[in-house]
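Read the structure below first, then the notes.
The values are calculated or read from the model by the stated rules, or taken from the named source; none is laboratory data. Since the structure is predicted, the reported quantities are computational estimates derived from the model, not experimental observations. Note: ideal-geometry Cβ built from the backbone for every residue, glycine included; neighbour counts use all protein chains shown. Heavy atoms of the whole protein, side chains included, go into the accessibility calculation; ligands, DNA and RNA do not. Shrake-Rupley method; radii C 1.70, N 1.55, O 1.52, S 1.80 Å.
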Amino acid sequence: MSVILAIESSCDETSVAICNNGKITANVIANQTIHQNYGGVIPELASRVHQQNIVPVIHQALLDAKVNKNELSAVAFTRGPGLLGSLLVGVSFAKSFALALDLPLISVNHMHAHILAHFIDDPKPAFPFLCLTVSGGHTQIVLVKDYFDMEIIGETLDDAAGEAFDKTAKLLKLPYPGGPLIDKHAKDGDPLRFKFGEPQIRDLNYSFSGFKTSVLYFIRDKEKENPNFIAENLNDICASVQHSIVYILLNKLKKAAKQQDIKEIAIAGGVSANSGLRSGLKDLASELGWNIYIPAFEYCTDNAAMIAMAAHYKYINREFVGQDIAPLSRMEF
């Protein structure tokens with residue numbers, strides 16, 4: 001039996017979850033709205049808001065789970081990758097909390113946790129499976145052989161898919177975070193109206209820097225012809241951009257599944273909440289006979305429930321760390 005408190009603070013969400021013997025009984029997330037004023041996450045501001053949020057969020061998680069701090073078995077935290085200042089808040093608090101209560105510490109890789117979020121609810125994928133992890137900073141195709149036996153077989157060489165969504169949204173003068181707004185407008189647009197170039201990248205790797213540039217030039221040229229082009233065509237632009245990004249993502253995933261001869265397919269990360277990606281994956285599953293796994297919306301973006309689930313399996317293996325542990329902005333997979 002184990003009752004694990006987990007802290008996630010890698011970017012701009014302060015989140016705390018409780019995992020009671022493999023079941024998530026609380027998952028509290030405090031979002032930061034201050035970054036909307038700047039069109040992106042400001043690292044210094046993010047770390048300050050984490051400091052303000054972390055105690056109330058921990059308190060609320062314990063209340064939601066109906067757990068007393070003295071009933072805890074371990075304290076888990078995101079070590080990296082992420083913004084160093086933000087990580088430092090979560091890691092420091094976890095170390096102090098564990099020291100005060102004489103509890104073991106569990107260090108979790110944020111990217112592993114996104115994949116292990118699939119083990120929070122049923123149905124759960126069978127090993128081995130492929131997971132397309134797509135977020136603002138990462139785009140990876142991962143071969144998952146066991147809970148912590150994972151291999152990246154394809155990844156972005158430059159910008160991630162989430163960046164392509166957010167930067168396009170900025171070009172369209174949509175407020176931050178723009179990715180969800182592109183998804184919203186895309187639902188009322190024609191996905192085939194405008195064409196954008198598909199990057200020709202070898203093997204299973206991705207690149208979205210050229211795609212972003214093609215969108216930039218497209219909008220620039222169209223606005224020269226018609227200054228109101230964006231306003232008059234916003235839904236179609238969003239639908240076409242989303243269709244192109246999803247096609248690029250799924251085309252490589254389809255290739256990876258064929259190469260690995262695997263039909264157990266999952267998606268994870270913030271962009272896995274995108275309706276176009278979810279719909280496209282379901283269409284491919286019907287066509288190719290895949291068993292697909294799509295996380296609940298609350299487990300797509302950064303959250304502590306996925307950290308707690310990863311920590312649960314580490315707790316079983318008694319994989320603890322000492323008080324000398326430090327956060328890492330970049331962390332080996």
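Points worth noting:
- Of the residues contained in the stretch 12-22, none is found to be hydrophobic (A, V, I, L, M, F, W, C) and surrounded by fewer than 16 Cβ atoms within 10 Å (Cβ to Cβ).
Results for (1) within 13 Å of the chain's Cα centre (by Cα); (2) on the phi < 0 side of the Ramachandran plot, shown as yes or no for each residue.
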residue: LEU84; (1), (2): no, yes
residue: ASP102; (1), (2): no, no
residue: PRO128; (1), (2): no, yes
residue: SER135; (1), (2): yes, yes
residue: ALA164; (1), (2): no, yes
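- Of all residues in the stretch 23-41 being without any contact (Cβ under 8 Å) to a residue 24 or more places away in the chain and closer than 27 Å to GLY179 by Cβ, the one that is most open to solvent (accessible area, probe 1.4 Å): ASN37
- For the stretch 268-296, a residue qualifies if it is within 11 Å of the chain's Cα centre (by Cα) and either part of a loop (DSSP other than H, G, I, E, B) or not β-branched (Val, Ile, Thr) (or both), and the qualifying residues are ALA268, GLY269, GLY270, SER272, ALA273, PRO295.
- Criterion: modelled with pLDDT of 95 or more and farther than 21 Å from GLY154 by Cβ - qualifying residue of ASN291, ASN303, ASN274: ASN303
- Residues in the stretch 220-250 that are assigned to a helix (DSSP H, G or I), without any contact (Cβ under 8 Å) to a residue 12 or more places away in the chain and open to solvent by 40 Å² or more (accessible area, probe 1.4 Å): ARG220, ASP221, LYS222, GLU223, LYS224, GLU225, ALA231, GLU232.
- Filtered residues of the stretch 290-333 (kept if under 20 Å from CYS131 (Cα atoms) and small (Gly, Ala, Ser)): ALA296, ALA304, ALA305, ALA308, ALA310, ALA311
- The C-beta contact set for the stretch 322-333 (first residue under 16 Å from PHE93 (Cβ atoms), second residue open to solvent by 60 Å² or more (accessible area, probe 1.4 Å) and of a type in the set (A, V, I, L, M, F, W, C), distance under 6 angstrom, 6+ apart or interchain) comprises PRO327/LEU88.
- Filtered residues of the stretch 187-219 (kept if part of a helix (DSSP H, G or I) and over 18 Å from LEU249 (Cβ atoms)): THR213, LEU216, TYR217, PHE218, ILE219
- A search for C-beta distances below 6 Å between a residue of the stretch 42-60 that is within 9 Å of VAL16 (Cβ to Cβ) and any residue that is open to solvent by 30 Å² or more (accessible area, probe 1.4 Å), counting only pairs 6+ apart in sequence or on different chains, returns ILE54/PHE93.
- Annotation: of all residues in the stretch 138-162 being outside any strand (DSSP E or B) and open to solvent by less than 50 Å² (accessible area, probe 1.4 Å), the one that is farthest from LEU204 (Cα to Cα) is GLY162.
- Residue within the stretch 90-100 that is within 21 Å of the chain's Cα centre (by Cα), over 30 Å from PRO175 (Cα atoms) and either surrounded by fewer than 23 Cβ atoms within 10 Å (Cβ to Cβ) or modelled with pLDDT of 95 or more (or both) present: yes
- When SER279 is tested against (1) free of Cβ contacts under 8 Å to residues at least 60 places away in the same chain; (2) among the small types (Gly, Ala, Ser); (3) open to solvent by less than 30 Å² (accessible area, probe 1.4 Å); (4) within 17 Å of PRO191 (Cβ to Cβ), exactly one condition is not met: (3).
- Failed item in (1) within 22 Å of GLY136 (Cβ to Cβ); (2) out of contact with any helix residue (DSSP H, G or I) (no Cβ under 6 Å at 6 or more places or on another chain); (3) modelled with pLDDT under 95; (4) not β-branched (Val, Ile, Thr), with LEU253 passing the rest: (3)
- Residue, nearest to GLY136 (Cα to Cα), within the stretch 256-267, restricted to residues that are in a helix (DSSP H, G or I) and under 23 Å from the mean Cα position of the chain (by Cα): ALA256
- Applying the criterion of being charged (D, E, K, R) and open to solvent by less than 90 Å² (accessible area, probe 1.4 Å) to the residues of the stretch 168-207, the residue that is modelled with the lowest pLDDT is GLU198.
- Conditions (1) touching a Cys at 6+ places or on another chain (Cβ under 9 Å); (2) polar (S, T, N, Q); (3) crowded, with 19+ Cβ neighbours inside 10 Å; (4) over 30 Å from ASP166 (Cα atoms): number failed by SER86: (4)
- Positions within the stretch 205-231 being in contact with a Ser or Thr (Cβ under 8 Å, 6 or more places away or on another chain), of a type in the set (S, T, N, Q) and closer than 12 Å to ASP159 by Cβ, in sequence order: SER207
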